[in-house]
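We did not get these values from a lab; they are worked out from the coordinates using the rules stated. In this text the structure is predicted, and so the values were computed from the model without any measurement. Positions of Cβ are backbone-derived with ideal geometry, glycine not excepted, and every protein chain shown enters the neighbour counts.
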Amino acid sequence: MHELSLMAETLAIALRNAEAQNARQIHRLTMAIGAASGVVPDALHFAFDVAIQGTIAANAELAIETIPVTCQCPQCQTQFSPPDWIYECPTCQTLVSQTLTGREIQLKSLEVS
Ligand SMILES: [Zn+2]
């Protein structure tokens, strides 16, 4: 399961970060997840609940911000948000394979004390 290793990695970064700030507890982690990143938020929440056991993040909450997919057409430069998994330019109907946003997986912020 992809989300388990992803969460383990994210939590490791969070713990290192908290340690660097001499924090005793992590209260909240906020992650930004692109809608086309392939990450399932429910699975991430599940992985989080498992990963935090026995760490200073054991009582922490996971917040997930979903970043919508946006594309730019290489033909006419139109920027658009595709309504589904087919990225077709609404202006000239070119199929677009590149995305501007929507594939991010990142730890955005951390609340510690
Ligand atoms: Zn276009």
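Observations
- When only the Cβ of Lys, Arg, Asp and Glu is charged (+1, +1, -1, -1), the dipole of the chain relative to its Cα centre reaches about 280 debye.
- Local charge for residue 47 was computed over the other residues whose Cβ lies under 11 Å away, with Lys and Arg +1 and Asp and Glu -1, and equals -4.
- Estimated translational D of the chain in µm²/s (Stokes, Kirkwood radius over Cα pairs; 10 °C; 1.306 mPa s): 102
- Backbone HN-Hα couplings from phi across region 90-106 [Karplus 6.51/-1.76/1.60, Hz, Gly and Pro as x]: x, 8, 10, 6, 5, 7, 10, 9, 8, 10, 7, 9, x, 10, 6, 9, 8
- Degrees, to the nearest 10: 41-51 long Cα axis against longest axis of the chain: 20
- Karplus-based coupling profile of region 30-36, in residue order and whole Hz: 10, 10, 9, 10, x, 4, 10, with θ = phi - 60° in 6.51 cos²θ - 1.76 cosθ + 1.60 and x standing for Gly or Pro.
- FRET efficiency, residue 101 to residue 13 (Cβ-Cβ, R0 35 Å, nearest 0.05): 0.95
- Under the simplified labelling scheme, the residue 42-residue 66 pair shows an inter-label distance of 1.2 nm, with each label point 7 Å from Cα along Cα→Cβ.
- Residues whose placed amide H lies under 5 Å from that of residue 64, excluding near-sequence neighbours: 31
- Convex hull volume per residue in cubic angstrom - Cα atoms of region 62-113: 82
- Under 5 Å between amide hydrogens, built in the peptide plane, is the criterion, and for residue 55 it picks out nothing among residues at least 5 positions away or on other chains.
- Taking amide hydrogens as placed 1.01 Å from N in the peptide plane, the amide H of residue 105 sits under 5 Å from those of 34, each at least 5 positions away in sequence or on another chain.
- Chymotrypsin sites (Phe, Trp or Tyr not before Pro) within region 1-88, DSSP loop, no more than 11 other Cβ atoms inside 10 Å: 85
- Total formal charge among the other residues, if their Cβ is under 10 angstrom from that of residue 38, Lys/Arg +1 and Asp/Glu -1: 0
- Residue-wise HN-Hα coupling along region 66-83, computed from phi with Karplus coefficients 6.51, -1.76, 1.60 (Hz; x: Gly, Pro): 8, 9, x, 7, 10, 10, 10, 6, x, 7, 10, 6, 5, 9, 8, 9, x, x
- Against the main long axis of the alpha-carbon atoms of the chain, helix 2-20 sits at an angle near 50°.
- Neighbour net charge for residue 98 - beta-carbon separation under 15 angstrom, K R +1, D E -1: -1
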